[in-house]
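Trainee: Sharing a structure here in structure tokens format.
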Amino acid sequence: MEKFKQEIMAEANTSDQRTKKLITAGYIMAVLGGLIGIFIGQYLAGHRTTSPDGSINFTHTDEVRRQGRYILTLGTIMFLVLACLKLGRVI
């Protein structure tokens, strides 16, 4: 049982590191262009898993989900700004 707990803690630690990298990449992509940042933000904010008992739970913590909403908002704003700038050059 102790070994099982250690494995879970090790998995949670690597998952946390991947999440931090994903948040960083999401902010960078949201500022640079928008679309990939929008997808990353949506994933972080709304990804859910179904447990074996049938309940649906969010995959990420509240703090990560909040960062995902920020990334989603920033990506949407940057996408709209860049789209307006592109359309302004065409017209």
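Trainee: Using alpha-carbon pairs under 8 Å, 6+ residues apart, how would you state the relative contact order of segment 15-90 in percent?
Mentor: In percent, rounded to a whole number, it is 36.
Trainee: Go through 31-39, 66-74, 46-54 and give me the packing order, highest mean Cβ count within 10 Å leading. Please report the intermediate quantities before stating the final value.
Mentor: Details: 31-39: 17.0, 66-74: 19.2, 46-54: 8.7.
Top of the packing list down: 66-74, 31-39, 46-54.
Trainee: Could you give the size of the charge dipole of segment 15-90 about its Cα centre, using +1 on the Cβ of each K and R and -1 on the Cβ of each D and E, expressed in debye and rounded to the nearest 20?
Mentor: Details: 9 positive and 4 negative charges, 64 e Å.
Magnitude of the dipole: close to 300 debye.
Each value in this text was obtained by applying a stated rule to the coordinates, not by laboratory testing. If you're wondering where the values come from, they're calculated on a predicted model, not measured in any experiment. Every residue, glycine as well, gets a Cβ built from its backbone with ideal geometry; the counts of neighbours run over all protein chains shown.
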